[in-house]
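**Q** Input: one structure, supplied below.
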Amino acid sequence: MRALAINDISCAGKCSLTVALPVLSACGATVDILPTALLSTHTGGFTGYTFLPLDGEMEKICAHWETLGLKYDIICSGYLGSRAQVEFVKSLKERFLKEGGIFLVDPVLGDNGRFYKGFDEGFAADMASLCALADYIVPNDTESLLLTGERDPVRALEALARLCPHPVITGADTEKGYLLYYYDGGVRELPLRKVPGSFHGAGDVFASAFAGCIANGMPFEEALSLTVKFCYRAIVRTEREVPDKKYGLNYERELSVLTEVFGAK
Ligand code: PXL
């Protein structure tokens, strides 16, 4: 199974491609990468980071790949560095997704109620138009609000389901507890165990593991359950082992959750 991960390279602070590559590989995928930007660190919680957008390179890379006839079973889009990149990524579904392949969009926009640095309402509107091409989208609760204007997760999910057949809101605090919401012909929910605190890069770990499960043909709900198990274990480990949470999740020693299912039999 061949996967294309479209995301940035944040050289320190585990997220984006430094997460997508190992996690998708643990699910048995052959992973190609299309880097959207090169940063010294991600933009959440660090100051003074470098940022090199790779717009020009992205088109050249894709033009070369077309000469090789590369096609993908799954394309996973994550952090995009400009509105022009959002438009460009829209064209990649047509150019590189196999017939019957899966297009998964993680609409990376913000967290903790706010946009990440460099993003605004116009960018969110463009991201919504990319979500409209996707089979699965995996916003966090902040992103679901920024995409739909709906604060209530059930109403946000219903609005997202008008954009894309299988939206997932990866975690929301509600009166009923901390829940994951997903749409599968109707609104469904999964209870989550919450570890207090904010865990940078958790969304990227979630998106990559879920992509790997779905690309293996795992049913939607089962894919979510396995992804939640993997993320929870990585978060618990991070809570214990990593004093500075902006450096990302210590997911590496939990990859066995995935290799046990997708590794050699
Ligand atoms: O984890 C999401 C993410 C990805 N890439 C970059 C980011 C962030 C969130 O801050 O800054 C560059």
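**Q** Express in % the proportion of alpha carbon pairs of region 2-254 at distances exceeding 31 Å. Present the calculation step by step, with values, prior to reporting the outcome.
**A** Details: 5123 of 31878 pairs.
Counting pairs separated by more than 31 Å, the tail of P(r) holds 16 percent.
**Q** Averaged per residue, what accessible surface does the chain expose to a 1.4 Å probe, in Å²?
**A** 44 Å²
**Q** Next question, about the same structure. Among the DSSP beta bridges whose two residues both lie in the chain, what percent are antiparallel, rounded to the nearest 5?
**A** Details: 15 of 37 bridges.
Percent antiparallel among DSSP bridges in the chain is about 40.
**Q** Evaluate the relative contact order of region 2-254 (contact order divided by residue number), counting alpha-carbon pairs under 8 angstrom at least 6 apart; express in whole percent. Working shown, then result.
**A** Working: 483 pairs, mean separation 43.4, N = 253.
Relative contact order of region 2-254: 17 percent.
**Q** Another question, if that's okay. Report the residue, chosen from Ala159, Ala84, Ala172, that carries the largest GNM mean-square fluctuation when the chain is represented by alpha-carbon nodes joined by springs under 10 Å.
**A** Residue with maximal mean-square fluctuation among Ala159, Ala84, Ala172: Ala84.
**Q** Further question: With each label point set 7 Å from Cα along the Cα-Cβ vector, what nm distance links Asp173 and Cys11?
**A** In this crude spin-label approximation the distance works out to 3.7 nm.
**Q** Give, rounded to the nearest 20 debye, the magnitude of the charge dipole that region 2-254 has about its Cα centre when Lys and Arg contribute +1 at Cβ and Asp and Glu contribute -1 at Cβ.
**A** Numbers: 25 positive and 33 negative charges, 100 e Å.
That gives a dipole near 480 debye.
**Q** Using DSSP H assignments, which helices in the chain have an axial alpha-carbon span of 18 Å or above and a mean Kyte-Doolittle hydropathy of -0.5 or higher? Each step should come with its number before you reach the end.
**A** Numbers: long enough: 55-68 (21 Å, -0.61); 83-96 (20 Å, -0.61); 202-215 (19 Å, 1.48); 220-241 (31 Å, -0.12).
Qualifying helices: 202-215, 220-241.
**Q** Mind checking which of Ala209, Ser144, Ala156 is farthest towards the positive end of region 125-265's charge dipole, using Cβ charges of +1 (Lys, Arg) and -1 (Asp, Glu) about the Cα centre?
**A** So the residue we want is Ala209.
**Q** Counting only helical runs of four or more DSSP H residues, what would the 222 nm mean residue ellipticity of the chain come to if each run contributes -39,500 (n - 2.57) and the total is spread over all its residues? Before the final figure, lay out the partial values.
**A** Numbers: 9 runs with 110 residues, N = 265.
Taken over the chain, the calculation gives -13000 deg cm²/dmol.
**Q** A further question follows. Once the dipole of region 2-254 is set up with Lys and Arg at +1 and Asp and Glu at -1 on Cβ about the Cα centre, which of Asn7, Leu54, Phe199 lies farthest towards its positive end?
**A** Phe199
**Q** Another one. Given a 1.4 angstrom probe, I'd like the percentage of the accessible area of the chain that is carbon and sulfur, rounded to a whole number. Mind showing how you got there, number by number?
**A** Numbers: 5960 of 11560 Å².
Its accessible area is 52 percent carbon and sulfur atoms.
**Q** Quick check: the distance between the Cα centres of region 108-151 and region 236-265, to the nearest angstrom?
**A** 26 Å
**Q** Sorted by accessible area with a 1.4 angstrom probe, largest first, how do His64, His42 fall?
**A** Details: His64 105, His42 10 Å².
Of His64, His42, the descending order of accessible area is His64, His42.
**Q** Ok, one more. Excluding same-chain residues fewer than 8 positions from Lys60, which lysines have a Cα within less than 26 Å of its Cα?
**A** Those lysines meeting the cut-off are Lys71, Lys90, Lys93, Lys98.
The values are calculated or read from the model by the stated rules, or taken from the named source; none is laboratory data. Computed from a prediction, not measured in an experiment: that's the story for all the values here. Note: ideal-geometry Cβ built from the backbone for every residue, glycine included; neighbour counts use all protein chains shown. Accessible surface is based on the protein model in full, side chains and every heavy atom, while ligands, DNA and RNA are left aside. Shrake-Rupley method; radii C 1.70, N 1.55, O 1.52, S 1.80 Å.
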